[in-house]
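First the structure, in the form of structure tokens, and then the observations on it.
The values are calculated or read from the model by the stated rules, or taken from the named source; none is laboratory data. Computed from a predicted model, the values in this text were never measured in an experiment. A quick note on method: Cβ atoms are made from the backbone with ideal geometry, for glycine too, and the neighbour counts reach across all protein chains shown.
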Protein chains: 2
Amino acid sequence: MNQTVTQNTPKNPTRVTTPSDREIRIERIFDAPRSRVWKAFTDPELVAQWWGRGNKVVIEKFEPVRGGHWRFVEHSPDGTNGFEGRYREVTPEERVVQTFEWDGMPGHVIVETVELEDLGDGRTRVVNVSLFHTNAERDGMLHSGMEGGLNDSYAALDRLLARMV
Amino acid sequence: MNQTVTQNTPKNPTRVTTPSDREIRIERIFDAPRSRVWKAFTDPELVAQWWGRGNKVVIEKFEPVRGGHWRFVEHSPDGTNGFEGRYREVTPEERVVQTFEWDGMPGHVIVETVELEDLGDGRTRVVNVSLFHTNAERDGMLHSGMEGGLNDSYAALDRLLARMV
């Protein structure tokens with residue numbers, strides 16, 4: 001069950017695995033201290049700069065506290081896509097657990113657990129585990145082109161973190 | 001895995017089973033034609049009359065179409081409880097698939113599939129299957145006093161359906 005989808009390499013620093021038949025685990029190291037990575041994840045003006053991979057992102061709602069909601073609308077050349085969810089847990093600089101739902105598949109809800117680990121050398125490991133309701137939904141995400149989009153987002157985040165020095 | 005939690009009897013017409021370790025299935029026959037049961041499920045003024053089991057229910061949002069949201073706030077002597085979710089599918093008189101989330105456990109999302117079956121004799125069978133993300137969440141619901149609350153809601157719905165003739 002725990003299969004490697006993508007092994008990280010110097011050129012592609014993202015590692016994608018499937019710890020169970022309803023999960024996707026994504027691991028990525030960022031060349032920035034944890035406090036800076038946390039800021040890029042939780043300051044809406046910064047989130048808007050990397051989340052959309054160059055596309056305009058309108059942050060309609062962003063309440064990163066337990067019970068709060070979030071909603072982002074991405075405007076791409078192909079059209080408009082809304083995403084939303086709710087925070088289950090927010091532990092500053094360490095951990096966020098939130099739901100994730102795309103307007104195109106309403107009611108199909110993913111639980112995302114994002115953990116930030118201070119590597120002690122000025123770098124930060126971010127581990128993102130997504131739990132789906134069913135194996136079919138998990139496989140749908142794996143085959144959706146998620147990984148390309150994710151790498152584009154993370155590359156934009158790399159650039160933002162470098163600018164934040 | 002498919003265990004009977006409550007067998008229906010003449011005094012308790014609700015049958016509760018667990019088809020899998022992440023599901024609860026609830027079956028109940030109502031003494032009213034399907035169109036009337038559907039109306040009681042989808043007209044917000046009617047929903048407010050039975051959903052809260054006698055407690056005041058404020059329907060803050062109620063958009064029973066694919067992608068629409070719902071949010072109900074129940075005011076009981078013990079306090080205020082909000083519930084919300086989103087519609088995945090709405091097939092009039094036949095089937096609703098929606099998510100369900102209680103403010104007290106934000107980000108813990110249940111997928112509810114509600115099906116109405118016309119029994120042909122003026123009665124309607126309602127089958128509600130709830131799918132949880134984990135077995136622990138399912139068991140938490142089973143031990144939450146859900147069944148008492150459910151029977152109170154359904155008894156209130158029986159009375160409403162009788163008044164709607």
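Taking each residue of segment B:40-53 that is small (Gly, Ala, Ser) and looking for partners that are assigned to a helix (DSSP H, G or I) with beta-carbon atoms closer than 7 Å, six or more apart or interchain, yields B:ALA40/B:LEU46; B:ALA40/B:TRP50; B:ALA40/B:LEU157; B:ALA40/B:LEU160; B:ALA40/B:LEU161. Counting the residues of segment B:2-36 that are over 17 Å from B:ASN151 (Cα atoms) and either in contact with a Pro (Cβ under 7 Å, 6 or more places away or on another chain) or among the basic types (Lys, Arg) (or both) gives 4. Mind checking whether some residue in segment B:110-131 is acidic (Asp, Glu) and touching a residue at least 40 places away in the same chain (Cβ under 8 Å)? Checked segment B:110-131: at least one residue is acidic (Asp, Glu) and touching a residue at least 40 places away in the same chain (Cβ under 8 Å).
Only residues that are part of a strand (DSSP E or B) and either in contact with a Gly (Cβ under 9 Å, 6 or more places away or on another chain) or among the polar types (S, T, N, Q) (or both) were counted in segment A:5-30, giving 4. Could you check A:GLY54 against (1) away from every other protein chain (no Cβ under 14 Å); (2) modelled with pLDDT of 95 or more and say which number it fails? The single condition A:GLY54 does not satisfy is (2).
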